[in-house]
Amino acid sequence: MKNAFVRVIIVAYLFCFWQGVGYAQIQQVYWVQFNSKSSNLFLPATSFLSAKAIERRTKQGIAISENDYPVYEPYKQAVAQVADSVIHTLKWFNAVTIVLSDSSKLPQIRNMNFVAKIQKLDVTPVAEKKESDKLALQFKEAADNADVGNTYGKSFSQVQMLHLNRLHEAGFQGQNILIAVFDNGFQNVDTISAFRHLFNENRVVYTANYVKRNTDIFTEGSHGTSVLSCIAAKNKGVYVGTATEANFALFKTEDNQSETILEEFHWAEAAEKADSLGADILSTSLGYNTFNDGFANHTYFDLTGDKSVITQAANTAFSKGVLVVNSAGNEGEKSWRFITVPADGKDVLAVGAVNASGVIGAFSSRGPSASGAIKPDVCAQGANVMVLDVVGRPSVSGGTSFACPIIAGAAACLWQADSTLSAAELKTLIVESAHLYSSPNNDYGYGIPNFYKAFLNTTAKKELLHTDKRIVAFPNPFNNAISVFVKTEVAGEAKVSIADLSGKVVFKASLSVFANDVQLLPIEESSTWSAGAYLLVLDFSGKRTIHKIVKMDQ
């Protein structure tokens with residue numbers, strides 16, 4: 001195999017599953033990697049990627065590569081004839097995991113000329129895991145009265161913190177963006193009224209349960225319900241998520257009965273499927289460092305950004321043009337303290353948790369990664385955050401699990417605003433908009449993103465860069481706040497002023513500018529001006545530029 005995955009060394013204790021195989025049944029599990037994909041490399045891309053997945057690659061200039069092609073079925077079937085069953089089929093790794101109870105049959109597989117590697121994944125029985133062991137949700141029901149004075153109700157502060165409400169006001173709510181959410185199930189999502197719009201409009205486009213190998217995702221998993229609510233729930237005046245008009249693919253990859261490295265393989269397989277469906281964003285509030293049996297535990301030195309199976313899968317998804325958003329972890333007050341995989345991924349947008357005042361949550365996992373990279377990347381509200389519980393009530397909870405989908409939904413709105421962006425450009429815009437971008441640290445990362453600032457950088461900044469204009473006001477006309485972008489060929493100090501038509505100056509400021517760059521000047525004071533026309537004036541390097549701007553009636 002030609003990619004980096006041939007170097008994967010997996011030492012794990014798996015507790016095997018399969019449809020019809022009980023958890024108490026101890027099995028021997030093996031990782032089998034093939035050395036080629038044979039004649040599959042001549043298949044048309046349309047046979048293994050959706051039109052949307054191909055379109056995403058085309059728009060971002062990403063070529064179809066060898067790891068996009070499926071595992072060669074005759075190789076898989078030859079192994080399956082010897083094995084008890086096949087668990088995972090992973091095209092990005094060109095590998096399968098299998099159950100093989102009779103070790104005397106190992107040579108039959110090892111001697112197949114297309115098998116590059118076979119490795120035993122020892123199995124140890126583990127204690128049953130309750131959902132609360134890993135994905136604890138300590139709900140505190142919110143007051144019954146909704147904040148009827150605004151659209152968002154109880155979710156207002158977590159949306160406003162990101163300045164995302166201003167994108168929503170501009171009409172960007174995630175339309176036509178496909179978000180894949182991986183979690184422990186989505187209990188009652190199909191019956192809770194705040195999600196009804198998704199089903200009425202056929203915007204849940206795919207469901208899969210990778211634990212039980214079926215499509216049943218709505219009968220268990222309160223954590224996934226609350227995670228999804230942060231993005232998709234819509235009950236105006238009570239609770240509104242960050243991208244309510246997006247499309248969704250929902251995957252159950254987290255096992256509520258046990259905690260094993262097997263879940264990393266579920267995640268990787270789901271990521272491959274989400275990519276092939278054409279998902280634009282992965283939102284996964286999952287992370288791994290220790291397991292029930294103890295033998296498969298990761299160490300801090302595994303957090304290199306590209307070592308674990310799940311992290312490699314996350315990075316590969318990003319290389320296909322998918323933005324991967326993952327919770328940083330809730331280990332900040334525990335002995336581990338650090339982020340968990342796949343948040344360490346070099347291409348993963350890892351999200352930490354702050355409270356409504358922007359103060360980092362004590363539980364939020366810290367960085368850096370073992371490679372020294374700043375982690376988390378950004379933060380959103382995750383301490384005393386509002387979510388919906390399994391009966392659809394607004395409730396107070398906490399965790400980076402909720403900061404993650406809040407950011408994922410915001411990213412969907414931003415991507416809708418400029419569909420020409422690549423996943424890499426989108427990730428950069430989000431990070432560069434954060435309030436600590438010039439002085440990041442390993443508690444907050446680059447800080448809390450300002451999605452309206454990022455939005456302006458996708459529109460007005462591009463307009464300036466590709467024209468001979470020196471100044472642009474955006475939006476124009478405007479209702480409340482307006483921002484000014486200034487482009488200069490040399491460094492210096494620009495003077496910006498705004499006057500009404502009578503000549504009365506209502507705003508003036510000096511702005512440090514740099515050579516061949518565009519600078520942003522937000523003008524919050526504009527919200528207090530009367531409706532009407534104004535003159536925007538730029539004085540720089542002995543030249544004056546004047547533009548007309550208009551404030552509309554609200």
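Check the range 158-175 and report whether any residue there is more than 21 Å from Ile448 (Cβ to Cβ) and not small (Gly, Ala, Ser).
Scanning the range 158-175 turns up at least one residue that is more than 21 Å from Ile448 (Cβ to Cβ) and not small (Gly, Ala, Ser).
Would you check if there is a residue in the range 523-531 being touching a residue at least 40 places away in the same chain (Cβ under 8 Å) and not small (Gly, Ala, Ser)?
Within the range 523-531, one or more residues are touching a residue at least 40 places away in the same chain (Cβ under 8 Å) and not small (Gly, Ala, Ser).
With respect to the numbered conditions (1) out of contact with any Asp or Glu (no Cβ under 7 Å at 6 or more places or on another chain); (2) open to solvent by less than 10 Å² (accessible area, probe 1.4 Å), which one is the sole condition not fulfilled by Lys375?
Of everything listed in (1) out of contact with any Asp or Glu (no Cβ under 7 Å at 6 or more places or on another chain); (2) open to solvent by less than 10 Å² (accessible area, probe 1.4 Å), Lys375 misses just condition (1).
Does Thr225 qualify as being over 14 Å from Val341 (Cβ atoms) and open to solvent by less than 20 Å² (accessible area, probe 1.4 Å)? Before the answer, list the steps.
Numbers: over 14 Å from Val341 (Cβ atoms): yes; open to solvent by less than 20 Å² (accessible area, probe 1.4 Å): yes.
Here the answer is yes, as Thr225 does meet what is asked.
Only one residue in Gly332, Gly345, Gly382, Gly352 is touching a Pro at 6+ places or on another chain (Cβ under 7 Å), of a type in the set (Gly, Ala, Ser) and at pLDDT 95 or above, so which one is that?
The conditions single out Gly352.
Give the range 492-504 a look and list any residue that's over 14 Å from Leu538 (Cβ atoms) and open to solvent by 70 Å² or more (accessible area, probe 1.4 Å), or say none.
Those that are over 14 Å from Leu538 (Cβ atoms) and open to solvent by 70 Å² or more (accessible area, probe 1.4 Å): Leu501, Ser502, Lys504.
State which residue is most open to solvent (accessible area, probe 1.4 Å) when the search covers only the range 505-554 and only residues that are touching an Asp or Glu at 6+ places or on another chain (Cβ under 9 Å) and under 22 Å from Ala454 (Cβ atoms). Explain how you work it out, then say what you get.
Residues of the range 505-554 that are touching an Asp or Glu at 6+ places or on another chain (Cβ under 9 Å), as a first pass: 506-507, 510-513, 515-516, 529-535, 540-541, 545.
The next check asks that each one be under 22 Å from Ala454 (Cβ atoms); those that pass are 511-513, 516.
Working: Leu511: 22, Ser512: 74, Val513: 3, Asn516: 123 Å².
Per the criteria, the residue is Asn516.
Step by step: first the residues of the range 293-313, then only those that are assigned to a helix (DSSP H, G or I), of a type in the set (A, V, I, L, M, F, W, C) and out of contact with any Asp or Glu (no Cβ under 7 Å at 6 or more places or on another chain), then the one that is most open to solvent (accessible area, probe 1.4 Å). Which residue is that?
If we take residues in the range 293-313 being assigned to a helix (DSSP H, G or I), of a type in the set (A, V, I, L, M, F, W, C) and out of contact with any Asp or Glu (no Cβ under 7 Å at 6 or more places or on another chain), then Phe301 is most open to solvent (accessible area, probe 1.4 Å).
Cβ-Cβ distance below 7 Å, separation of 6 or more or different chains: which pairs start in the range 195-208 with a residue that is within 14 Å of Gly224 (Cα to Cα) and end on one that is open to solvent by less than 70 Å² (accessible area, probe 1.4 Å) and of a type in the set (Phe, Trp, Tyr)?
Listed pairs, sorted by first residue: Ala208/Phe251.
Look at Ser397 and say whether it is hydroxyl-bearing (Ser, Thr, Tyr), more than 21 Å from Asn441 (Cβ to Cβ), under 18 Å from the mean Cα position of the chain (by Cα) and at pLDDT 95 or above. Before the answer, list the steps.
On the way: hydroxyl-bearing (Ser, Thr, Tyr): yes; more than 21 Å from Asn441 (Cβ to Cβ): yes; under 18 Å from the mean Cα position of the chain (by Cα): no; at pLDDT 95 or above: yes.
Criteria not met by Ser397.
Give me the strands (runs of 3 or more DSSP E) completely within the range 74-140, filtered to those with at least 2 residues that are modelled with pLDDT of 70 or more and within 28 Å of Ser401 (Cβ to Cβ), ordered by residue number.
By residue number, 85-90.
All but one of (1) among the aliphatic types (A, V, I, L, M); (2) open to solvent by less than 10 Å² (accessible area, probe 1.4 Å); (3) over 17 Å from Asn188 (Cβ atoms); (4) touching a Gly at 6+ places or on another chain (Cβ under 9 Å) hold for Ile231; which doesn't?
(3)
Yes or no, residue by residue, for (1) of a type in the set (A, V, I, L, M); (2) at pLDDT 95 or above:
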{"residue": "Ile192", "(1), (2)": "yes, yes"}
{"residue": "Val211", "(1), (2)": "yes, no"}
{"residue": "Glu263", "(1), (2)": "no, no"}
{"residue": "Asp280", "(1), (2)": "no, yes"}
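Tally time: how many residues in the range 264-292 are of a type in the set (D, E, K, R) and part of a loop (DSSP other than H, G, I, E, B)? Walk me through it before giving the result.
So the first thing to find is which residues in the range 264-292 are of a type in the set (D, E, K, R), and the list is 264, 269, 272-273, 275, 280.
When the remaining residues are screened for being part of a loop (DSSP other than H, G, I, E, B), the result is 280.
Final tally of qualifying residues: 1.
Please state which one of Phe218, Phe248 is closer than 19 Å to Ala270 by Cα, open to solvent by 10 Å² or more (accessible area, probe 1.4 Å) and of a type in the set (Phe, Trp, Tyr).
On inspection, the qualifying residue turns out to be Phe218.
Of the conditions (1) touching a Phe, Trp or Tyr at 6+ places or on another chain (Cβ under 8 Å); (2) crowded, with 24+ Cβ neighbours inside 10 Å; (3) not β-branched (Val, Ile, Thr), Ala350 clears all except one; give me its number.
Checking Ala350 against (1) touching a Phe, Trp or Tyr at 6+ places or on another chain (Cβ under 8 Å); (2) crowded, with 24+ Cβ neighbours inside 10 Å; (3) not β-branched (Val, Ile, Thr), the one that fails is (1).
Among residues belonging to the range 353-372 that are open to solvent by 10 Å² or more (accessible area, probe 1.4 Å) and among the small types (Gly, Ala, Ser), point out the one that is nearest to Thr225 (Cα to Cα).
My answer is Ala356.
Across the range 459-482, which residue is farthest from His163 (Cα to Cα) among those that are of a type outside the set (Phe, Trp, Tyr) and at pLDDT 85 or above?
Arg470
Assess whether Thr290 counts as being in contact (Cβ under 8 Å) with a residue 24 or more places away in the chain and open to solvent by 20 Å² or more (accessible area, probe 1.4 Å).
Yes; evaluated as a whole, the condition is true for this residue.
Taking only the range 433-474 into account, find how many residues are in contact (Cβ under 8 Å) with a residue 40 or more places away in the chain, in contact with a Gly (Cβ under 9 Å, 6 or more places away or on another chain), open to solvent by 10 Å² or more (accessible area, probe 1.4 Å) and among the aliphatic types (A, V, I, L, M).
1
Do the conditions hold for Val181, that is, is it open to solvent by 10 Å² or more (accessible area, probe 1.4 Å), of a type outside the set (Ser, Thr, Tyr) and in a strand (DSSP E or B)?
The answer is no for Val181.
Show the residue pairs meeting these rules: Cβ distance below 6 Å; 6+ apart or different chains; first residue within the range 257-282 and closer than 14 Å to Val341 by Cβ; second residue surrounded by fewer than 24 Cβ atoms within 10 Å (Cβ to Cβ) and among the acidic types (Asp, Glu).
Pairs found: Glu263/Asp255.
With the requirement that a residue be in a loop (DSSP other than H, G, I, E, B) and of a type in the set (Val, Ile, Thr), what does the range 314-345 give you?
Val322, Ile339, Thr340
Could you please give the count of residues in the range 188-202 that are assigned to a loop (DSSP other than H, G, I, E, B), surrounded by fewer than 20 Cβ atoms within 10 Å (Cβ to Cβ) and at negative phi?
Adding up the residues that qualify gives 3.
Which residues, counting only those in the range 476-491, are of a type outside the set (Val, Ile, Thr) and open to solvent by 40 Å² or more (accessible area, probe 1.4 Å)?
Asn476, Pro477, Asn479, Asn480, Glu489, Ala491
Ala408 passes all but one of (1) modelled with pLDDT of 95 or more; (2) open to solvent by 50 Å² or more (accessible area, probe 1.4 Å); which number fails?
It is condition (2) that Ala408 fails.
The values are calculated or read from the model by the stated rules, or taken from the named source; none is laboratory data. Keep in mind that what you see is a predicted model, and the values were worked out from it rather than measured. Don't worry about glycine lacking a Cβ; one is built from the backbone with ideal geometry, like all the others, and counts go over all protein chains shown. Only protein heavy atoms, including side chains, enter the accessible area calculation; ligands, DNA and RNA are left aside. Shrake-Rupley method; radii C 1.70, N 1.55, O 1.52, S 1.80 Å.
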